[in-house]
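Okay, so here's the structure we're looking at.
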Amino acid sequence: MKVQTDIKDSILKGFELPLMEEFYTIQGEGVFTGVAAYFIRLGGCDVGCHWCDVKESWEAAKHPVTSVEDMVANAKKSKAKSVVITGGEPLTWNMDQLTKRLKEEGFKVHIETSGAYPFSGTWDWVCLSPKKLKLPVEEAYQKAHELKVIIFNHHDFKFAEEQAAKVSADCALLLQPEWGKADEMTPLIVDYVMNNPQWKISLQTHKYMNIP
Ligand code: SF4
């Protein structure tokens with residue numbers, strides 16, 4: 001976790017976290033595409049991807065500090081069996097309390113992370129989406145159940161292979177077109193996956209369905 005001296009103790013210990021939004025929806029991308037899940041989107045990310053579609057998440061101070069207990073209580077009001085913690089970059093923060101409490105309530109707990117910071121929390125599923133600007137820490141590659149590489153340009157295929165060489169043998173490998181480049185990159189990804197069938201295609205189906 002990044003150490004910032006102006007952060008209150010309850011946040012450092014993970015009892016409260018900056019919450020951007022939380023909602024019950026259908027997971028739109030990755031291995032669990034199509035599965036109903038409760039999403040908790042935390043504020044705070046300093047990775048700085050220029051094509052980021054949640055730039056409003058970057059500044060943690062803009063998002064209300066919210067207790068883990070409130071988030072867990074809200075998740076319980078849904079019919080979700082799994083909770084996806086996303087951001088922002090959730091591993092900016094201490095995830096121990098949030099994952100502990102969600103698991104105590106019987107949820108499967110997933111994370112979507114760039115892997116740029118050391119891990120905290122206990123996870124049933126780790127979706128690692130590495131970013132060139134801030135590469136994952138070594139432990140992220142071992143923990144990944146799913147490697148999801150965003151394809152924005154031609155070089156990203158090379159980057160994807162470099163990242164795939166670092167994950168475990170049973171990690172699912174997915175290539176996902178960046179939304180703004182989907183028309184251009186999807187045909188290239190189709191060709192690539194047919195020639196390299198260890199990869200699968202991930203599409204942001206929630207955007208086609210117009211759901212969050
Ligand atoms: S790591 Fe994720 S949240 Fe952070 S800038 Fe990149 S795409 Fe946006």
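The values are calculated or read from the model by the stated rules, or taken from the named source; none is laboratory data. Remember, predicted model here, so these are calculated numbers, not experimental data. Because the Cβ atoms are built from the backbone with ideal geometry, glycine has one as well, and the counts that use them run over all protein chains shown. The accessibility values were calculated without ligands, DNA or RNA, using every heavy atom of the protein model including side chains. Shrake-Rupley method; radii C 1.70, N 1.55, O 1.52, S 1.80 Å.
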Show the residues, 5+ positions off or on another chain, whose built amide H is closer than 5 Å to the amide H of residue 172.
-> 146, 147
Starting at the first residue of segment 82-90, write each ³J(HN,Hα) from the Karplus equation 6.51 cos²θ - 1.76 cosθ + 1.60 with θ = phi - 60°, in whole Hz, x for Gly and Pro.
-> 10, 10, 9, 9, 9, x, x, 10, x
Lysine pair count for segment 37-156 [Cα-Cα under 21 Å; pairs on different chains or 8 or more apart] | 27
Enumerate cysteines in the chain without a disulfide-compatible partner, where compatibility requires another Cys Cβ under 4.7 angstrom.
-> 45, 127, 171
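Tell me the net charge near residue 207. Cut-off is 14 Å between Cβ atoms, residue 207 excluded, with +1 for each Lys or Arg and -1 for each Asp or Glu.
Value of the local net charge: -3.
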Please build a GNM for the chain, connecting alpha carbons under 10 Å apart, and tell me which residue among 63, 154, 145 fluctuates the most.
-> 154
What does the accessible area per residue of segment 51-192 come to in Å², with a 1.4 Å probe and no ligands, DNA or RNA counted?
-> 45
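Based on the Cβ-Cβ distance of residue 138 and residue 103, what FRET efficiency does E = 1/(1 + (r/R0)^6) give at R0 = 25 Å, to the nearest 0.05?
The calculated FRET efficiency here is 0.50.
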Residue-wise HN-Hα coupling along segment 16-24, computed from phi with Karplus coefficients 6.51, -1.76, 1.60 (Hz; x: Gly, Pro) | 9, 9, x, 9, 7, 6, 9, 6, 9
With axes computed from alpha carbons, what is the tilt in degrees of helix 182-195 against the longest principal axis of the chain, rounded to the nearest 10 within 0 to 90?
-> 70
If you roll a 1.4 Å probe over segment 12-107 with all protein chains in place, what percent of the accessible area is carbon or sulfur?
-> 54
Taking square-rooted eigenvalues a ≥ b ≥ c of the alpha carbon gyration tensor, is segment 121-204 rounded, prolate or oblate, where a/c under 1.5 means rounded and, failing that, a/b exceeding b/c means prolate?
-> prolate
Note on segment 1-129: alpha-carbon gyration tensor, axes a ≥ b ≥ c; rule is a/c under 1.5 for rounded, else prolate if a/b larger than b/c, else oblate; result oblate
How much length, in nm to one decimal, is gained on full extension between residue 76 and residue 154, taken as 0.36 nm per residue of separation minus their Cα-Cα distance?
-> 23.8 nm
Please give the solvent-accessible surface of residue 15 in Å², to the nearest 10, using a probe radius of 1.4 Å with every protein chain present.
-> 100
Tell me the Kirkwood hydrodynamic radius of segment 24-64 in angstroms, computed as one over the mean inverse distance between distinct C-alpha pairs.
-> 11.9
Any residue on another chain or 5+ positions along whose placed amide H is under 5 Å from the amide H of residue 26 is listed here as 37
Segment 107-129 and segment 75-97 have their Cα centres apart by a whole-number Å value of 9
Once you've got the GNM for the chain with C-alpha springs shorter than 10 Å, pick whichever of 22, 178, 161 has the biggest mean-square fluctuation.
-> 161
Which angle from 0 to 90°, rounded to the nearest 10, does the C-alpha axis of helix 155-164 make with the longest principal axis of the chain?
-> 60
Enter the angle in degrees (range 0 to 90, nearest 10) between the Cα long axis of helix 68-77 and the first principal axis of the Cα atoms of the chain, meaning the one along which they spread out most.
-> 70
